[in-house]
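K.L.:
Please see the structure below; I have some questions.
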Amino acid sequence: MNGLIFEALKRTLKAKGVTYRALAERMGVSEPTVKRIFHERNCKLDRLMEICSAAGVELENVLGSMSRGPGPANRVAPEIERKLAGRPALLFVFIMLSEKFTPEGIMRSHGLSEASMFLYLRDLEELGLVTIGSGLSARLLVETPIQWNFDGPLTPLFEMTNKNFIGWAITHLEQEATFVSFSRRMRPETAEMVRREAEELAERAKLLAHHDQHTTPEDGLTGYKWTFAFGATPFEAIMPIGPHPRDAGARPAVSAKGRRSLPA
């Protein structure tokens, strides 16, 4: 059991960006002492609680995170996806709920009234996606994470949200956004290696976020979005190049000497 606890503690430190040195300073002990504790994975309860306090997390949350992994992705029934496709706002409310936003958090971020929030929750309840509790609360009836069908009726909405996000990121580079875009020629084997590394990084980000959601109060969390696209560049589709304006649609002429002559 101690081994599992210390593995969960390691994830907590990594998620919070707390090093062994910083933890040692907060506890008033040497860094080698902290390293020894984590290496031996064994200490008394009071020391364990001291570590949790220095890491800024409750012991019960660490214990709870031990048995709560992200789990396999689940899907929403196709007929539900079709209904959500006609109600973009309702879809976005459900997505935010599935990302662990509270109804109050959604209200604050979008400036909604309690009446609007309740009506959205009631519509989701009618679709069998949530059940409304006491006050302004709702419990998801679909296990998360959710894997949406990107080739289904929701495709236009997913395209819209990602285009909106990319546009926002490009215009907020000097603030909190990051946007990286480039094209390079490389071997297919190199491209496959890059793709695998990106997928591994995405999985790590999901795991760290999952851990944060079980160890951090709601007001200490911020929503972040990851959008990644990688593939052989279809230049003709994303960078269309038509005939030169002075070409007038004519093919280059061939002179009597067999040389191609350009339009005037």
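K.L.:
Can you name the condition, by its number, that Leu141 falls short on among (1) farther than 20 Å from Lys100 by Cα; (2) at pLDDT 90 or above?
P.N.:
(1)
K.L.:
Looking at Ile170, Ile132, which one is surrounded by 10 or more Cβ atoms within 10 Å (Cβ to Cβ) and under 19 Å from the mean Cα position of the chain (by Cα)? If you could, list the steps in order and put the result at the bottom.
P.N.:
Numbers: Ile132 fails: under 19 Å from the mean Cα position of the chain (by Cα).
After ruling out the rest, the residue left standing is Ile170.
K.L.:
OK, next. Restricting the first residue to segment 35-56 and requiring it to be free of Cβ contacts under 8 Å to residues at least 60 places away in the same chain and within 25 Å of Asp212 (Cβ to Cβ), which pairs with a second residue that is open to solvent by 100 Å² or more (accessible area, probe 1.4 Å) and of a type outside the set (Ser, Thr, Tyr) meet a Cβ separation below 6 Å and a spacing of at least six or different chains?
P.N.:
Once the first residue is free of Cβ contacts under 8 Å to residues at least 60 places away in the same chain and within 25 Å of Asp212 (Cβ to Cβ) and sits in segment 35-56, its partners that are open to solvent by 100 Å² or more (accessible area, probe 1.4 Å) and of a type outside the set (Ser, Thr, Tyr) give Ala54/Arg26.
K.L.:
Here's something else I'd like to know. Do you know which residues across segment 217-243 are among the acidic types (Asp, Glu) and open to solvent by 90 Å² or more (accessible area, probe 1.4 Å)?
P.N.:
Result: Asp219, Glu236.
K.L.:
Let me ask something additional. Within segment 189-216, can you find the residues that are touching a residue at least 12 places away in the same chain (Cβ under 8 Å) and open to solvent by 90 Å² or more (accessible area, probe 1.4 Å)?
P.N.:
Answer for segment 189-216, where residues must be touching a residue at least 12 places away in the same chain (Cβ under 8 Å) and open to solvent by 90 Å² or more (accessible area, probe 1.4 Å): just Lys206.
K.L.:
From the residues in segment 49-70 that are farther than 17 Å from Lys14 by Cα and at pLDDT 85 or above, which one is surrounded by the most Cβ atoms within 10 Å (Cβ to Cβ)?
P.N.:
Filtering segment 49-70 for residues that are farther than 17 Å from Lys14 by Cα and at pLDDT 85 or above, the one surrounded by the most Cβ atoms within 10 Å (Cβ to Cβ) comes out as Glu50.
K.L.:
Condition check: in contact (Cβ under 8 Å) with a residue 12 or more places away in the chain, assigned to a helix (DSSP H, G or I) and either surrounded by 13 or more Cβ atoms within 10 Å (Cβ to Cβ) or of a type in the set (Lys, Arg) (or both). Does Asn149 satisfy that? Can you show your working first?
P.N.:
Working: in contact (Cβ under 8 Å) with a residue 12 or more places away in the chain: yes; assigned to a helix (DSSP H, G or I): no; either surrounded by 13 or more Cβ atoms within 10 Å (Cβ to Cβ) or of a type in the set (Lys, Arg) (or both): yes.
Judged against the criteria, Asn149 is not a match.
K.L.:
A follow-up question, please. Working carefully through the options Phe92, Phe101, Phe118, find the one that is farther than 23 Å from His211 by Cβ, within 20 Å of the chain's Cα centre (by Cα) and either among the aromatic types (Phe, Trp, Tyr) or not in a helix (DSSP H, G or I) (or both).
P.N.:
Working: Phe101 fails: farther than 23 Å from His211 by Cβ; Phe118 fails: within 20 Å of the chain's Cα centre (by Cα).
Sole residue among the options that is farther than 23 Å from His211 by Cβ, within 20 Å of the chain's Cα centre (by Cα) and either among the aromatic types (Phe, Trp, Tyr) or not in a helix (DSSP H, G or I) (or both): Phe92.
The values are calculated or read from the model by the stated rules, or taken from the named source; none is laboratory data. Predicted, not measured: the structure shown is a model, and the values here were computed from it. No Cβ is skipped: glycine too gets one built from the backbone with ideal geometry, and neighbour counts run over all protein chains shown. Ligands, DNA and RNA are stripped out before the accessible areas are found, and what is left, the full protein with its side chains, is counted by its heavy atoms. Shrake-Rupley method; radii C 1.70, N 1.55, O 1.52, S 1.80 Å.
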